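Data block below; observations after.
The values are calculated or read from the model by the stated rules, or taken from the named source; none is laboratory data. Predicted model, so just to flag it, every value in this text is computed and none were measured. Note that we place each Cβ from the backbone using ideal geometry, even for glycine, and neighbour counts take in every protein chain shown. Areas reflect the complete protein model, heavy atoms only, side chains present, ligands, DNA and RNA absent. Shrake-Rupley method; radii C 1.70, N 1.55, O 1.52, S 1.80 Å.
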Amino acid sequence: MANWIIRLDEVFKPLLNLLQEHQLSGTYLQADETRIQVLKEDGKVATSDKWMWLIRGGPPDRPVVIFHYDASRSEDVPSRLLDGYVGVLQTDGYAGYNKVCRDNPITRIGCWDHARRKFVEASKAAPAKRKGEKVSKADVAIGKLRKLYAIEQRIKDLAPDQKIAQRQQLAQPVLDDLKTWLQANASRVPKDSLTYKAIQYTLNQWDHLIGYLNDGKLQISNALRSEERRV
């Protein structure tokens with residue numbers, strides 16, 4: 001069965017090329033990459049990391065999702081897959097996307113799910129809270145981020161220009177408060193802690209993370225939620 005799929009690669013190649021052209025004709029793409037293992041591959045041991053790159057987007061009413069396998073996680077992969085693209089690219093903070101954004105007229109924005117995940121990991125790693133103890137700083141950050149997601153849920157059915165207005169009115173104050181809190185608490189947690197790493201990641205990615213504010217067609221994160229799946 002695996003060999004059947006391998007042989008289909010050539011059969012469907014023209015269709016895949018058309019799908020990629022269609023995808024790149026849009027102005028908003030979301031990208032991510034995840035580790036997978038391949039049992040038998042020339043020059044690679046079975047336990048080594050290989051990568052499945054996912055790109056979603058295209059014309060707003062006809063988005064395309066394409067999976068690209070590559071044994072590498074180097075910057076050459078997104079440079080090849082996104083060559084010639086003009087528009088917004090939403091990713092996490094991985095530096096492998098830097099080159100393609102420099103070489104093409106691409107505006108890069110961040111993904112709040114990736115930032116939030118780091119605080120969730122810090123919260124889970126913290127000792128169990130005893131009665132009367134203060135909430136951990138990671139949990140405080142998660143609470144602030146929860147407000148941003150609640151706003152997005154509230155405005156999800158609005159037109160893009162209405163979303164911009166609501167984000168400016170509702171989300172901007174939350175973001176201002178969050179940034180002030182992050183800056184104030186960065187020096188109050190151990191530098192080898194997961195909370196410190198989460199704070200630093202968020203601050204380092206700040207300009208990208210707030211990129212969704214001024215365009216109502218953009219999402220707060222790369223995570224596909226139920227309301228988007230029905231589109």
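Quick look at the values:
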| quantity | calculated |
| --- | --- |
| Surface accessible to a 1.4 Å probe, per residue, for the residues of the stretch 1-40, Å² | 80 |
| Value of relative contact order over the chain, rounded to a whole percent, pairs C-alpha under 8 Å and six or more apart | 17 |
| Candidates per trypsin sites (Lys or Arg not before Pro) in the stretch 9-114, loop by DSSP, up to 14 other Cβ within 10 Å | Lys40 |
| Per-peptide average of other Cβ atoms within 10 Å, ordering 11-20, 174-183 highest first | 174-183, 11-20 |
| Whole-percent carbon and sulfur share, accessible surface of the stretch 57-167, 1.4 Å | 51 |
| Probe 1.4 Å, protein heavy atoms only - accessible area per residue of the stretch 166-217 in square angstrom | 53 |
| When each of Lys163/Lys191; Lys124/Lys163; Lys99/Lys156; Lys134/Lys191 is checked by Cα-Cα distance, pairs over 27 Å | Lys163/Lys191; Lys124/Lys163; Lys99/Lys156 |
| Candidate aspartates and glutamates for bridging to Lys147, where Cα separation is under 18 Å - those fewer than 8 sequence places away on the same chain excluded | Asp113, Asp139, Asp157, Asp176, Asp177 |
| Antiparallel content of DSSP bridges confined to the chain, in %, to 5 | 70 |
| Given charges at Cβ of Lys, Arg, Asp, Glu: the stretch 9-69 dipole, positive-most of Pro14, Gly58, Ser25 | Gly58 |
| Options (1) 63, 46, 34; (2) 54, 40, 34; (3) 62, 45, 28 - which one matches Cα extents along the principal axes in Å as calculated here | (1) |
| Expected 222 nm ellipticity per residue - DSSP helices of 4 or more, -39500 (n - 2.57), all of the chain, to 500 | -14000 deg cm²/dmol |
| Only Lys, Arg (+1) and Asp, Glu (-1) charged, at Cβ; the stretch 70-130 dipole about Cα centre in debye | 560 |
| Positive-pole candidate from Trp4, Ala150, Ser48, dipole of the chain, charges at beta carbon | Ala150 |
| Dipole magnitude of the chain, debye to nearest 20 (Cβ charges: Lys/Arg +1, Asp/Glu -1, about Cα centre) | 1180 |
